[in-house]
Every structure is written in structure tokens, then in C-alpha cells.
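A quick write-up on the structure given underneath.
Read the figures in this text as sums done on the coordinates, not as results from a lab. As the structure is a prediction and not an experimental result, all values here were calculated from the model. Backbone-built Cβ (ideal geometry, glycine too); neighbour counts: all protein chains shown.
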């Protein structure tokens, strides 16, 4: 009996300890959940602030914070200050759905921003759609995201365009005819991008010599690499996130494969070069803007970001930043800050001049904008080509 | 570059599989040792492995072998320092292993088999999530313990990291087998595994022997953690989950309680995964490998080298 009791006590202690630890992580995510006041505009934010893609969420959040700070410092929007309610999705699509419900019902936000990963945005979108709350994804590029409902928007380009642009870049600009693909089968972003690259590379006249997938939280890619090595491709399309690409590139070089790797915006991270070492030398990836652009909007943003966070911003921060300003524009266009007015306003955004280029929201609630191909050399990234939506197809 | 022949390609998968399998084997020994002595599945073993690579990481960081600037690249750590870091990680993990046993398992010894099993899962989760709080969730770049070199033997590529993994695993497994069979503490371990009560009556210090078992298993997990991090230099608090599961399966298939069984099970799992990847598709590798292992267990439920008699280690 005493044994059983002490066992129960121990289990209870463990449970309490783990709840305390988990709760500890969550608390950091939830800002003030003050009740809606007339003088405030509540924007819900759901991002991967922890977990394997934590870098995505944190850099996006920085961009959002910077924009909100700027707007509030200059008197808010029509005299109303922006209040952020942010939630951590812990890099999990199911968690995105859970926090979306909390934002929609408990926090009653007027508009939501999130997430970076398409899988999360697709899970969260129906929740906001049903609650009548507009959602703006800063950087989810999978086409299905905005198909979830007529209140779901985004301010980035789409994977079909990104895949087409990468295929055109590899085939026309780099002159490669034989490509291999490695992608994450259980990830909407990676799978979608692979699909669009595959079909457009073939349509251009190229051959896909090997097409391999991996699944789950893998950190070694030896077998996938052996398969691709045997097919001897000229270029390898690897539409994965930054946490994987360094390890994938290392495995390729370890098996003597020298063909350049090509990827999408998921590669982007301050940690990219460090995790990959020199294995990504001479490789290419698509990016949302050109950091060397002389445009005053871009330079002003870069300066403000460095001053506030003391680090180099990335495209995710820029897209987070643009998402907030697009919402501001929508509030002005829609004539108010209610969910319906913001939705109306977002539909009317045309020729919006953001950090990530000038874009309009089309009838499918997607942003039409260019993609910038960057080349990795040493620890630097250099612009190789800007591809406009009109360049492909 | 000439077309790669099918045999060369197949040999490449076998080489990949042996490298993977060796780490499974090194981890599987930890499960098997503890099971042999306590009939307990120590689920926290996978997290000790994770801690092993973090302990090595911290030492390298303190010694200044990690770049501060995010753009810079890590320099190669000299071999003497590598040995020091590995020894440090082994010692730290051995302590952690003994601590886990003392705090979470010893109070429940004799409370049946289910209770310690649940505690083991609890400790495992505690370390996974505690690790995320303490170390952060973003992948950490593991320092360069050896400059990557690739040896090409007739078209089959052998990266030096894979060679280190296999050699280290073989040496440690042989050493462990000798230790268990030829030394007095090893004899004490075997005695406890046969019958703990009788061993105590014969004057064996059971608690010390159990602590030693945990220390050895955990030190081996630390080595596995460092070896894998050398090959895949991005470490995260959840890195133990997948390999832990596989090593556990390898231990069961090889015959839990048997050290050569753990080695065999690990290699079998690694090689079958790689060969399935090669001949079919990498995404099916785990499913097919596990089906194969289920078949093995159906034919021989005690595992390949396991004895159906209740006799362990």
C-alpha cells in the first residue's frame, strides 16, 4: 500500500513538473490578453516561437514587432493603437489549430497574422474563416493556404510560381538539363514545391533523373543521397527548411556529389551557412527580396531592424513587417478596424509598396510579386537574377 | 563520371547501413544491459544520448571552438581536445545515468514491472522538454571534431565519420564483452542478472552493481551521441527520440539481455533500412525494416540471440 502511494506521489510530482515546464514555455508566447477596448486594434499572431523551426517564428515576430512599434509611435492607425496577442505553435500544425481557436474565441482578435509554415497556416485558416476573422499569412507559400476561405490572405509569392521560377532558373539561366529532387514527404511546403518544380522542369524539356523523399524528423540522408548520386544529376532541387538543408548538403558532399543544390525560401536563416559549413558553396535559393536594393523603403527597414535587434534581418522578418503594413493599408481602405472592414480592405490592396517589393492582392487573395535568386559564396549571399511572375509560364 | 554499377550501388547502401546500424547497436547495448540486470526498459536512455552530445557541445563552446558570429565557420578541434571532450561527456552522462537510477528507479525496485516503466517514460519526457527549456529548441551547430574526408573504394564512398562510428562501436562492444565476462564487477553484473536476491546473499553489492550498469550504459550512449553529432552536426533536444526507438527495437530483435544480440540487432536494422531504401524507396525503408523485424520476432520471440530460458546478459 505504501509502495503504491509513493508511486502515485512520484507520478504526480512528475506530472506537475512537466506541466510546469510546458506551461513555462507557453507563458512566454502569450502577451497581454487584455479585453478589447475601443481604442485598440487587436492583432493575433501565431508562429513557431519554439520547436524545430523556432528561427522562422522569432525572425517573423521581430519584423511584426518593429512595424507595430513604428505604427504605434506615430499615433497608431486612425488614432487606434495596435495590440499584439502572440501564441506559440511549437512548430506543429495541430498546435497552430489549437492556438488559432484561442485567438478567435478567447482573445477575439480583429485580424490574425501567421504562420510561416504552410502546414500550420492550412490548419489554422478554417478556424479564422469560420469565426469571420481575416488571416494574413506572411510567408506560407503553398497554394492551398488561401483556398481555405475568402478571408484568408497572404503577402508572399506562391509555391507554384516559386517552383516554376526555380525550374526556369535551373534550365534557362544555369543551363542544366538533368535534375534530381529530394523533399520532405510529410511537409506541405516541401511536397508542393517539389511537385511544381518537377512539372515545370519537365515542361521546359529537362529530365528528372531521381526523385526521392524522406519523412519525419530525420537528421541523416545517406540513403537518399546514394540514390541521387547514382543518377548523376547536374543540379539537385532540395525544397526543404534550413534545419535540414545543411545536413543534406553535408551528406551529398560526403558521397562526392558536387552538383549545386537549389532551394526555395525555406533555406533562409541566419544559421544557414553555419549549419552547412562550406558544403553549400555555389548553391542557389529563391528569396523574397534583395537586401542590396537601393530602395529607401528597403534600406530604411534594414537600418531600423539592425538598430532594434542588433542582428541582420531576413526575408521572414521583412514579410512579417509587410504583413502589418498591409493590414494598416487595409484598415485605411476598408474604413475601419472591424474584422469585416479589414477583410474588405485587404481585397482592395493594389500596388502596395513594401520591403519585399511592390505587390497587389489578386482575386484569389494572393500577392503577385517577383522572386530573387541568390547565390551562396563564402559567408555571403549575392543576387543572381530577379524573376517576375510574367517571366514564367 | 561513369554510370555507377548496381553492385557498387548496393554495396554503398550496405556501407550506409553498417554506419547507421553501429550507432543503433551502441545505443541498444544500453537498453540491453539495464534490462539484463533489472528487467527494466530504460526509456530515458535516448535522452542520455542527447545529453551526451550537448555535454560535448558545451565543453567545446567553453573551450572556444564554436564561432560566435553566425556567419563564421567552426574551426576543427584538435584530437587531444576531442578525447578530453568525449571523456567529459562520458563521465557526465555516467553521472546522469546513475542519478536517474537512484532517484527514479531504485525507490520502485520490487514494485512490479509496470511502475518503473511508467517512471522511465516520465523521466524521458522530462528530459526532452526540460532540454528544450534549458538548451533552447533551435538546432545547435556541433563543433568540427574531424575534418570531413571521403575514401573511395571502387566507387563506394566511405566518409571518415562513418569509419570512426563503426570502429569505435566495435572497440567499445568488444571491451564491454570482455568486461562483463572477465572482470569481478562484470561477474557481479552477471550474478545480479541471474538472480538478484541470491547475488545479495552471496555478498554482491547489488546497489553498486546496478549503479555501475547504468554508468556504463550511459557512457556508451554519450559516445554514440558524440559520434552521431560528428556525422550530423546539428543537435536538438529531441534528437534521441528516433534513434532511441530504433535502438530499443534492435535490442529486442537481437535478444534483449544479450550484448552480441544488441550488436547484431542494430546492424540488421541499419542495413535492412538502407538496402530497402536502395532497392525501393527511402520513405518505405522504416516500414519494411520493421515488418522484417516483426517476422524475425514471430519466428523467434526471444530475439535472434536471446535465450528462451530466463537468463540474461
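Quick look at the values:
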{"quantity": "Protection-proxy order for peptides B:267-275, A:373-381, each taking the mean of Cβ atoms within 10 Å per residue, highest first", "calculated": "B:267-275, A:373-381"}
{"quantity": "Most mobile listed residue (B:53, B:258, B:285) in chain B, GNM with C-alpha springs under 10 Å", "calculated": "B:285"}
{"quantity": "Length added when fully stretched, residue A:105-residue A:348, from 0.36 nm per residue minus Cα-Cα", "calculated": "84.8 nm"}
{"quantity": "Contact order normalised by residue count of chain A, Cα under 8 Å, 6+ apart, percent", "calculated": "15 percent"}
{"quantity": "GNM flexibility winner over chain A from A:382, A:244, A:91 (Cα, springs under 10 Å)", "calculated": "A:382"}
{"quantity": "Pairwise label distance in nanometres, residue B:163 with residue A:172, each label 7 Å out on the Cα-Cβ vector", "calculated": "4.7 nm"}
{"quantity": "Listed residues B:17, B:266, B:80, most fluctuating in chain B (Gaussian network, C-alpha, under 10 Å)", "calculated": "B:80"}
{"quantity": "Theoretical gain in end-to-end length, residue A:73 to residue A:281 [0.36 nm per residue, Cα-Cα removed]", "calculated": "70.7 nm"}
{"quantity": "Whether chain A is rounded, prolate or oblate, judged on the alpha carbon gyration tensor where a/c under 1.5 counts as rounded", "calculated": "oblate"}
{"quantity": "Ratio Rg/Rh [Cα only; Rh per Kirkwood] for segment A:259-393", "calculated": "1.02"}
{"quantity": "Hydrodynamic radius of the protein assembly as shown per Kirkwood, over alpha carbon pairs, in Å", "calculated": "27.0 Å"}
{"quantity": "Rounded, prolate or oblate (a/c below 1.5 giving rounded, otherwise prolate when a/b exceeds b/c) for chain B by Cα gyration tensor", "calculated": "oblate"}
{"quantity": "For chain B, calculated [θ]222 nm from helices alone, where every DSSP H run of n ≥ 4 adds -39500 (n - 2.57)", "calculated": "-23500 deg cm²/dmol"}
{"quantity": "Sorted largest first, extent of segment A:108-148 alpha carbons per principal axis (Å)", "calculated": "26, 15, 12"}
{"quantity": "Relative contact order for segment B:2-299, counting Cα pairs under 8 Å that sit 6 or more residues apart, in percent", "calculated": "39 percent"}
